[in-house]
Amino acid sequence: MKIGGVDPSIIRELSGIYRPFIKAFKELISNAYDADADLVQITLAEDLKSIEIRDDGVGMTPFEFRQDFTTIGRSHNSDRNEITKKGRPKIGSKGIGFLAVARYCDSMKIISTTTKFHSGKILCYPSQKLNLRNHFKVPVPKGILSGRFEVEDIYIVKQGKKRKLGQENYIISGTGIKFRREFHYDRAARLEVNYCINCSDIKIEAVIDFDYLLSLENQIDLEKIRDFCNIKIEQLSNPDIINKHYTKIVLQKLKPFVISELGAAKKNGNVRNISSQDGITQFVWELSRCIPVKYDLPSNIEHRFGKLLRDSRLHYIGKVIFSGDIYSDQELMRPIWLAEDKEDQALHNSTYVEVNIRDDGLFAKGYILGRPEAIFPAEYRGLTVRVRNVAIGQPSFLGLEKLLSGKHRSTLSQITGEINVIAGMDAVDALNPGRESFYEENTHYKKLKNYIIGNGESPSGLLGEIIQSILKRSQVASNVRDYVSCANKRRRALRDISGAVNYLATSTNFSTALHSFFSRKQAVENHFDLAEREDYNMSLSPNFKISDFKVENIPGLVGDSLVNFAEKKIYFDFTQERWSWRLFILGNYFEVVNKAGKYSDPICEIDTQKQKIYINWTHPVRNNMDEKSFIKSAIAWRLAHHVCINDVDKMMNLGLNILSYST
């Protein structure tokens with residue numbers, strides 16, 4: 001059997017379109033899908049030198065094998081809208097066919113049976129006797145055709161017009177046609193013979209020699225090649241397989257680099273990414289991601305996006321099983337991101353938008369999800385776009401990743417998503433060979449990009465919404481962390497002061513003076529206590545906001561805080577010790593109160609009668625200190641001033657002792 005029209009030097013280039021091996025292998029799954037297979041079984045040899053794929057699809061006739069499977073540039077899906085009997089829009093369209101795996105193995109073995117009939121047409125010059133078998137281009141044994149071959153019509157074709165020839169003008173015997181003597185034909189005309197062959201119970205077994213095919217590079221025109229494929233056609237006799245259909249393809253003698261990839265060991269350490277797993281795991285995961293199998297949806301994704309990811313116009317292979325001599329059967333399901341924290345079922349920390357595009361023939365559905373942290377495994381980052389239920393290339397951001405920088409670019413590690421193109425971007429008009437990328441000039445692809453990323457250099461569209469939301473949430477989360485950290489530091493400062501005073505009042509030369517001061521029950525005489533109160537303590541302010549989010553108190557809250565992005569609320573448990581502004585000094589609790597005093601007012605004042613400590617929050621010294629240091633300094637020095645009012649050295653000594661004390 002020969003293959004025509006392509007120079008051998010092109011063969012290697014065409015086979016190189018599908019890189020790496022997994023991209024080529026998925027084409028065999030696509031063939032099974034196009035053949036209406038419900039079950040696909042993939043079997044990897046123990047030595048990794050061969051891999052087999054068997055499906056229960058409709059199979060191939062010998063003529064389909066020749067005309068579709070092994071012909072370059074003529075897709076079996078010549079009609080881009082061709083639908084299978086089960087209603088599946090066919091995937092195949094590029095006409096590269098069997099060459100997808102050419103560079104990855106020495107040869108390919110194909111076995112196929114079918115229950116189909118083959119209808120064909122032969123154009124030939126008329127002669128007194130014709131043997132149509134000579135025009136089949138497929139070596140079908142004469143004995144097999146007996147009882148299976150039928151001529152339906154014969155036409156005389158001349159100058160673009162054709163006339164049906166009556167049956168009285170010819171006699172059919174087997175695959176031969178003998179014209180009666182009284183029939184006179186025009187030698188300038190041509191005959192068009194329409195025929196039908198019952199291919200039920202016929203098995204084809206072929207071996208395509210890729211090594212030989214690729215070795216002819218720059219040596220010979222492929223029009224002259226007739227022995228790159230050995231094909232055997234026979235009639236089935238086993239009653240167990242008659243009237244059944246299947247196709248089995250075996251990639252024989254996989255190349256050493258393919259064996260090395262499949263046999264790669266898992267990387268050491270804490271492995272989070274798919275690329276760090278062993279070779280078989282990587283192969284199975286990547287294959288599951290890109291072929292037309294059903295989603296394996298986590299419960300949280302199912303609840304929120306299940307309806308968006310399912311559509312009656314999306315079709316799947318019923319079951320794809322991967323197995324091997326040393327591997328247990330594993331059903332391939334389409335993987336989708338699930339938070340490492342399995343308890344995060346509500347997606348309450350995530351931001352998301354639904355994708356539901358209907359515009360001038362383009363119909364796409366899915367979602368885009370943004371997380372507050374980087375997504376792992378990293379292979380889930382990006383948007384997976386599927387056409388005819390097959391992933392197009394790796395997840396990406398439709399080119400936006402090349403335009404962004406800084407904080408906007410960093411958010412991309414936190415975004416994942418799925419977009420199923422249900423109508424409007426077929427494999428002929430929109431996809432490059434290998435189905436790994438889109439033609440940028442395609443109208444529907446431009447529309448899709450505009451909806452998803454906008455048409456400018458700054459992020460817009462649906463993806464822009466997610467990016468801005470992530471940045472906003474990051475800002476809110478950062479501000480919340482800052483407030484909690486500030487509260488912790490402030491509480492630490494108050495504990496240090498309390499501990500210092502209680503310690504110094506027990507066994508030091510400051511003991512008497514400290515006890516004397518706190519026993520006076522003296523009210524503030526400078527009226528600083530009457531200054532306007534500033535509610536810097538969040539628990540005291542019902543209208544306090546952080547980044548435009550309202551702050552609310554929830555006693556018993558687990559953790560430091562909880563952010564409700566949907567309602568723009570931040571929850572704290574203000575009964576937790578970190579939010580307390582009280583000091584325990586010599587058996588009494590003192591409340592620390594912030595005041596908006598004048599610049600000329602004291603930095604702090606202590607009211608032993610009301611057991612309150614007032615801090616002048618607007619004092620100019622605060623501009624040069626952090627909150628913790630300011631609170632500690634204000635109380636320490638004001639207390640030292642009152643306790644050692646007539647002794648500067650002792651006052652300095654006491655103040656420094658309080659400031660240096662740490663619990």
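Numbers below:
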read-out	value
Shape category assigned to the chain from the gyration tensor of Cα positions, a/c cut at 1.5	prolate
Estimated FRET transfer efficiency when R0 is 25 angstrom, pair E13-K86 (beta carbons, to 0.05)	0.10
Under the Karplus curve 6.51 cos²θ - 1.76 cosθ + 1.60, θ = phi - 60°, whole-Hz ³J(HN,Hα) for segment 627-633, x wherever Gly or Pro sits	4, 4, 5, 5, 4, 5, 5
Rounded tilt (10° steps) of 461-507 against the dominant C-alpha axis of the chain	30
Integer Hz, Karplus 6.51/-1.76/1.60 couplings in order for segment 195-207, x for Gly and Pro	9, 9, 10, 7, 9, 4, 6, 10, 10, 10, 9, 9, 10
Length added when fully stretched, Q128-D311, from 0.36 nm per residue minus Cα-Cα	60.1 nm
Relative contact order computed over the chain (Cα-Cα under 8 Å; 6+ residues apart), in percent	11
Rounded to the nearest 10 Å², the accessible area of R180 at probe 1.4 Å	90
Surface accessible to a 1.4 Å probe, K129 within the full protein complex, Å²	140
Pairwise label distance in nanometres, D47 with D209, each label 7 Å out on the Cα-Cβ vector	2.1
Theoretical FRET efficiency, 1/(1+(r/R0)^6), r = Cβ-Cβ of S323 and V558, R0 41 Å, to 0.05	0.35
23 Å Cα-Cα reach of K85 towards lysines, excluding residues that sit fewer than 8 places from it in its own chain	K26, K94, K116, K121, K203, K244, K248, K294, K319
Accessible carbon and sulfur surface of segment 419-553 relative to its total accessible area, %, 1.4 Å	46
Protein-only accessible surface order, largest first, of D186, D359 at 1.4 Å	D186, D359
CD proxy at 222 nm, helix term only [per DSSP H run n ≥ 4: -39500 (n - 2.57); per residue of the chain; nearest 500]	-7500 deg cm²/dmol
Cα gyration tensor shape of segment 512-618, rounded if a/c is under 1.5, else prolate or oblate by comparing a/b with b/c	oblate
13 Å reach of a label modelled at K253, 7 Å along Cα-to-Cβ, counting backbone N of segment 98-120	104-109
Sequence-distant residues sharing a close amide H with C604 (under 5 Å, placed H)	N616
Built amide H within the under 5 Å cut-off of F438, gap 5+	N432
Cα long-axis angle, helix 648-660 against the chain (0 to 90 degrees, to the nearest 10)	30
Nitroxide proxy distance, nm - points 7 Å out along Cα→Cβ at K164 and V151	1.6
Rounded to whole Hz, the Karplus (6.51, -1.76, 1.60) HN-Hα couplings of segment 265-281, x for glycine and proline	7, 5, 6, 6, x, 7, 8, 10, 9, 4, 5, 9, 7, 5, x, 5, 4
Segment S511-D359, extension gain: residue separation times 0.36 nm, minus the distance between their alpha carbons	46.5 nm
Efficiency of FRET from Cβ geometry, A596 and K568, R₀ 35 Å, rounded to 0.05	0.80
Helix 21-34 axis, angle to the chain major axis (alpha carbon atoms, nearest 10°)	60
Cα shape, segment 355-398, gyration tensor, a/c 1.5 rule	oblate
Accessible area of H642 in the full protein assembly, 1.4 Å probe (Å², nearest 10)	40
Distance histogram for segment 553-612 (every C-alpha pair counted, 5 angstrom bins, percent rounded to whole numbers)	4, 14, 17, 14, 14, 13, 12, 8, 4, 0
Reach of K446 by Cα under 20 Å, taken over aspartates and glutamates that are not fewer than 8 positions away in the same chain	E354, D359, D360, E401, E418, D426, D429, E436, E457, E465
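The values are calculated or read from the model by the stated rules, or taken from the named source; none is laboratory data. Worth saying up front: this structure is predicted, and the values here are computed from it rather than measured. Cβ: placed from backbone, ideal geometry, glycine included. Neighbour counts: every protein chain shown. We work out accessible area using only protein heavy atoms, side chains counted, and drop any ligands, DNA or RNA first. Shrake-Rupley method; radii C 1.70, N 1.55, O 1.52, S 1.80 Å.
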